[in-house]
Every structure is written in C-alpha cells, then in structure tokens.
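Readers should treat all values here as calculations from the given coordinates under stated rules, not as data from a laboratory. None of these values were measured; they are calculated from a predicted model. A quick note on method: Cβ atoms are made from the backbone with ideal geometry, for glycine too, and the neighbour counts reach across all protein chains shown.
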Amino acid sequence: MNRAAAVVLALAMFSCTAMAQSVSKQNVGSAGSTAKKTVTFIGNVSQDRMFVHDNDDQVWAVSNPGALKGYEGTAVVVRAYLNASQNRIHVVFVKADQATYSARIGDSAFRR
C-alpha cells in the first residue's frame, strides 16, 4: 500500500511540474521581448528626435519622441524600456551627458 501511494504521489508531482513548466513557457512567449526593467545608456539624439544613436553604433527608434524635446543633436543619458526585437525604446528619463574631466597632481602630465 505504501509503495502504491508513493508511486501515485510521484506521478502527481511530476505532472504538476510539467504543467508549471509549460505555463511558464507560454508566459515568456506572450510577454515578447519588452523589458520590464529600464535600461540606461548614453547616446546622441537625432535632429527629428525619432532616433537615438548609442555609443555602440546601434540606432534605437523612440516611441515617445516628445520626451527628447530640447535635446536634438546632443549627447544624452537615457533611461528607457527596451524592445530589442523591434529596436525600439520608450524613454522614461533623459538628461544631457556632460563629460567631466579632472586632473590629479599625481598624473604623469604633472611629473618632471
């Protein structure tokens, strides 16, 4: 009796895990490749605000170009939701990228 109960329990657990795996695969497929987290990268905004060219020479189409108003032709830091399958981003946050340069007295340029 114990052996039969163990076999039934093992079959029930196996079928539940198989069903859970198939449901999780369906959820992944239905979500597409749109990220649930934001991605931050540095790039240049095109003049028409429809594209952002990142430093890896990849072009991203912008789904909400109004968010980039005032940043045309400038280097920016963009935080956005990424849809890699369509090369499209939805901008959440943008700020001008300001390069900071600093010199230290210990640098080789100051040694004599």
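Net charge within 11 Å of Asn64 by Cβ-Cβ distance, Lys/Arg positive one each and Asp/Glu negative one each, not counting Asn64 itself?
It works out to a net charge of +3.
Where a Cα-Cα gap under 17 Å defines reach, which aspartates and glutamates qualify for Lys69, not counting those fewer than 8 residues away within the same chain?
The reachable aspartates and glutamates, counting only those whose Cα sits under 17 Å from Lys69, are Asp48, Asp97.
Taking the radius of gyration and the Kirkwood hydrodynamic radius from Cα positions alone, what is the Rg/Rh ratio for the range 34-96, to two decimal places?
0.91
Assuming R0 = 30 Å, can you tell me the calculated FRET efficiency for the pair Gln47 and Ala84, based on Cβ-Cβ distance, to the nearest 0.05?
0.75
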